[in-house]
Amino acid sequence: MRKNRSIDKNIYLWNNFDKFIMVPTLLILLFGIISISSITQHLNGKFYFSSNLLLKKHLIFCIIGIVIMSSIPKLSLKNLIFFSFFLFALSIILSLVAIIFFPETKGANRWINFFNISFQPSELLKPSFIIISAVLLGRYKSKNDYSFILNILLLILTSSLLIFQPDFGMFILISAVWVIQVFSANIKIKIIIPIILSFVFVFLLCFFSLEHVRFRIMNFLFSDIGDNYQISKSINSFIEGGLFGKGIGEGSVAKNLPDVHSDFIFALIGEEMGGFFALLILSLYFIVYLRAQIISQRSNNFFIVTALTGLSNILIFQVIINVSSSLNIIPTKGMTLPFISYGGSSFISSSIIIGFLLLLIKEEKNA
């Protein structure tokens, strides 16, 4: 009897998940496992742990991610908001701890290291800040109080931490998504223009004051500046892969990339799986994005509209940035491909985003 109740409960939970979000996400996760397992043997000796452990850790992240995506939709909207404020406060505190107390890694103070585990707390800013912004924008629209000013102050706090780390790419990502949220809230244009000009000013300030930002942009604009080894190898990977690829584990060009397991994993997919499967994977991301956008257009709940808009945009923008960097469409940026690249912090953040999307869509359907 208990077993039947447990089965019925699991069926009920599965039926409550939006299939247009969950199924594509699980398929993307599967492609990630295949890609990481292909890379595993090539990375042998490049880390202080065995390459098999790399795959095992990725599988653990997958399990944790599925648990997160399955658990969050059980929350109420009220608890979602409380959880987001807690997550935001925690990520701010831990980001400060990373900047002040932990040494630089690859020229940045983004990571907290303990017991051979690295964690990037700023990743948690992405989903939590989007929800908080949706709450504050909704309050401003209904009460016309100081909520919008508080939202701007939280954005300034978030942006300052990201620039000091420095993580210019995530600063651009969060800021761009926030501006789109503000546009979707129909805030007066006379308020939006100074905000956009402020972003332009901060961008120029970062360009002239942060050497690595200036170098990457100049290297992209003028190919004779700096070393283009990774980009050249990445482009060659797609050329070598053709339409249907060389086969899983048969790639040779992409595996010479130092960051093939993270930032340049899409190059490996292009070489081993080919252009067909690369486009298929991109289409899975866009199904998730379009589903969230369609539900947001149907909703009469302002909070759900702005939250769905922000969460789906931050997910798809991260995909676009990663893929565009691999194809040399934009300057290179150390940003992972959600659910495919190796990296626990990013995996957990992406899982929270999907969990939030599932919860918001469930609430909209039940409204």
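The values are calculated or read from the model by the stated rules, or taken from the named source; none is laboratory data. Predicted model only: the values in this text are computed from it and were never measured. Every residue, glycine as well, gets a Cβ built from its backbone with ideal geometry; the counts of neighbours run over all protein chains shown.
Restricting the stretch 159-197 to residues that are closer than 22 Å to Val305 by Cβ and hydroxyl-bearing (Ser, Thr, Tyr) leaves a set whose member that is surrounded by the fewest Cβ atoms within 10 Å (Cβ to Cβ) is Ser184. Candidates are the residues of the stretch 324-347 that are among the β-branched types (Val, Ile, Thr) and over 18 Å from Asp167 (Cα atoms); the one that is surrounded by the most Cβ atoms within 10 Å (Cβ to Cβ) is Ile340.
When you scan the stretch 42-61, how many residues do you find that are modelled with pLDDT of 90 or more and crowded, with 19+ Cβ neighbours inside 10 Å? Summing the residues that are modelled with pLDDT of 90 or more and crowded, with 19+ Cβ neighbours inside 10 Å in the stretch 42-61 gives 2. Based on this model, can you work out whether Phe183 counts as of a type outside the set (Ser, Thr, Tyr), modelled with pLDDT under 90 and in a helix (DSSP H, G or I)? In short, yes.
One line per residue, one yes/no per condition, for (1) surrounded by 19 or more Cβ atoms within 10 Å (Cβ to Cβ); (2) out of contact with any strand residue (DSSP E or B) (no Cβ under 8 Å at 6 or more places or on another chain); (3) among the β-branched types (Val, Ile, Thr):
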position	(1), (2), (3)
Ile248	no, yes, yes
Ala254	yes, yes, no
Leu257	yes, yes, no
Asp263	yes, yes, no
Phe276	no, yes, no
Leu279	no, yes, no
Val288	yes, yes, yes
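Can you spot a residue in the stretch 73-85 that is without any contact (Cβ under 8 Å) to a residue 12 or more places away in the chain and closer than 18 Å to Met170 by Cα? Looking through the stretch 73-85, none of the residues is without any contact (Cβ under 8 Å) to a residue 12 or more places away in the chain and closer than 18 Å to Met170 by Cα.
I need a count of the residues in the stretch 318-346 that are part of a helix (DSSP H, G or I) and under 8 Å from the mean Cα position of the chain (by Cα). Residues flagged as part of a helix (DSSP H, G or I) and under 8 Å from the mean Cα position of the chain (by Cα) within the stretch 318-346 amount to 3. Being closer than 24 Å to Leu125 by Cα, in a helix (DSSP H, G or I) and out of contact with any Ser or Thr (no Cβ under 6 Å at 6 or more places or on another chain) is a property that holds for Leu157. Ser160 meets each of the listed conditions (1) modelled with pLDDT under 90; (2) of a type outside the set (Asp, Glu); (3) more than 17 Å from the chain's Cα centre (by Cα) apart from (1).
Taken over the stretch 67-76, the criterion of being surrounded by fewer than 17 Cβ atoms within 10 Å (Cβ to Cβ) and in a helix (DSSP H, G or I) is satisfied by Val67, Ser71, Lys74.
Yes or no, residue by residue, for (1) without any contact (Cβ under 8 Å) to a residue 12 or more places away in the chain; (2) within 15 Å of Thr25 (Cα to Cα); (3) hydrophobic (A, V, I, L, M, F, W, C):
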residue	(1), (2), (3)
Leu282	no, yes, yes
Ser296	no, no, no
Ser312	no, yes, no
Ser346	no, yes, no
Ser349	no, yes, no
Asn366	yes, no, no
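Every listed requirement among (1) surrounded by 12 or more Cβ atoms within 10 Å (Cβ to Cβ); (2) farther than 21 Å from Val177 by Cα; (3) modelled with pLDDT of 90 or more is met by Ser91 save one, (2). Of the helices (runs of 4 or more DSSP H) contained entirely in the stretch 187-301, those carrying at least 2 residues that are modelled with pLDDT under 90 fall at 189-209, 211-221, 229-241. Applying the condition of being outside any helix (DSSP H, G or I) and more than 26 Å from the chain's Cα centre (by Cα) to the stretch 1-41 and asking which residue is modelled with the highest pLDDT yields Gln41. I'd like to verify a number: residues in the stretch 94-121 that are in a loop (DSSP other than H, G, I, E, B) and surrounded by 17 or more Cβ atoms within 10 Å (Cβ to Cβ), how many? Adding up the residues that qualify gives 4.
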